[in-house]
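Data first, discussion second: the structure below is written as structure tokens.
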Amino acid sequence: MGFLMEEIDDGRGHPRRRAPVGSAEARRGGETMTVVDAETVRNRPGRAAGVRREQADATRELLLRTAERLFAERGLSEVSNRQIVEAAGQANNSALAYHVGTREDLLRALSDTHSEPITRRTGELIEAASGSDDPRDHVACLVLPYVEHLAGLGNPSWCARFTAQLATDPVLRDNPMRAPEMEPLLRTVDEALAAHKPELPPKIAAIRRETARLAVLHTCAEQERAAAETGAPADWDLVGVALTDSLTGLLLAPTR
């Protein structure tokens, strides 16, 4: 008999149907009953699940951003999971484990948030620089993706200081968090620069590459810190130019 019921609005946007007068539904308990539309009943669990997923995603994002800020300001070893949960305003001490996972999962999630767009931009710049005879164009592929990403985060941000913490942590420095897709891109840049580099002993070449990497990470971390403390945004365009010039000289300088 459901198809004979009259549709009404319950005032909250939920379609309902009124049972016909005299029907069993209308007389139940001696009162006139309003019967909820069956489709509405079926859809309610889905809507509730969607709301729960949105809330869980929002909580996870809050925990990640809070962790990144605390790591940047205090250092990785000085921040406990409990401190992250409390700073995020979560009453349940297991919230971080539930929404993110282990400590390594947390660091990986934070790293992935930034490494994915940086890797994508690196690929774009490498393609644009392909065939260029100017070594500076290829060195820029090592600098600008990171600097541009930091510029897009606004002020304050915590990515550069967090990343610098990862680079110098005694446990994590040998377990890099960068996306695996970055490795072939870095080799492409190295191959493009090979024609311009002097012939260097392998140990010296390795030291120069590591110096270049740390120069980018720590210079950006200091720029980010100063911007957060003063409230004045960093001039990331200038930082990109300065680092590209410096790394070009470092990587291509002759040796005695």
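Key figures for this structure:
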| quantity | calculated |
| --- | --- |
| Answer residue from region 170-201, given it is in a loop (DSSP other than H, G, I, E, B) and among the acidic types (Asp, Glu) and is modelled with the lowest pLDDT among those | Asp174 |
| The listed residue being free of Cβ contacts under 8 Å to residues at least 24 places away in the same chain and assigned by TED's automatic domain parsing to the domain that holds His114, out of Ala192, Ala226 | Ala226 |
| Any hit, region 101-115, residues being within 26 Å of Ala192 (Cα to Cα), of a type outside the set (A, V, I, L, M, F, W, C) and in contact with a helix residue (DSSP H, G or I) (Cβ under 8 Å, 6 or more places away or on another chain) | yes |
| Filtered residues of region 68-124 (kept if in contact with an Asp or Glu (Cβ under 7 Å, 6 or more places away or on another chain) and not β-branched (Val, Ile, Thr)) | Leu76, Leu110, Arg121 |
| Among the candidates Pro135, Pro145, Pro156, residue that is surrounded by 14 or more Cβ atoms within 10 Å (Cβ to Cβ), free of Cβ contacts under 8 Å to residues at least 40 places away in the same chain and either of a type in the set (A, V, I, L, M) or touching a helix residue (DSSP H, G or I) at 6+ places or on another chain (Cβ under 8 Å) (or both) | Pro145 |
| Pair list, Cβ < 6 Å and 6+ apart or interchain, from region 98-126 residues that are in contact (Cβ under 8 Å) with a residue 60 or more places away in the chain to residues that are among the β-branched types (Val, Ile, Thr) | Ile126/Thr188 |
| Flag if Val139 is modelled with pLDDT under 95 and more than 22 Å from Arg225 (Cβ to Cβ) | no |
| Residue that is surrounded by the fewest Cβ atoms within 10 Å (Cβ to Cβ) [pool: residues in region 209-256 that are among the basic types (Lys, Arg) and at pLDDT below 95] | Arg256 |
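Residues are listed down the side, and each one gets a yes or a no for (1) in the same structural domain as Leu186 (by TED's automatic domain parsing); (2) part of a helix (DSSP H, G or I); (3) within 25 Å of Glu191 (Cβ to Cβ); (4) within 15 Å of the chain's Cα centre (by Cα):
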residue	(1), (2), (3), (4)
Glu116	yes, yes, yes, yes
Leu125	yes, yes, yes, no
Ser132	yes, no, yes, no
Leu144	yes, yes, yes, no
Arg161	yes, yes, no, yes
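The values are calculated or read from the model by the stated rules, or taken from the named source; none is laboratory data. Just so it is clear, the structure is predicted and the values come from calculations on it, not from any experiment. Every residue, glycine as well, gets a Cβ built from its backbone with ideal geometry; the counts of neighbours run over all protein chains shown.
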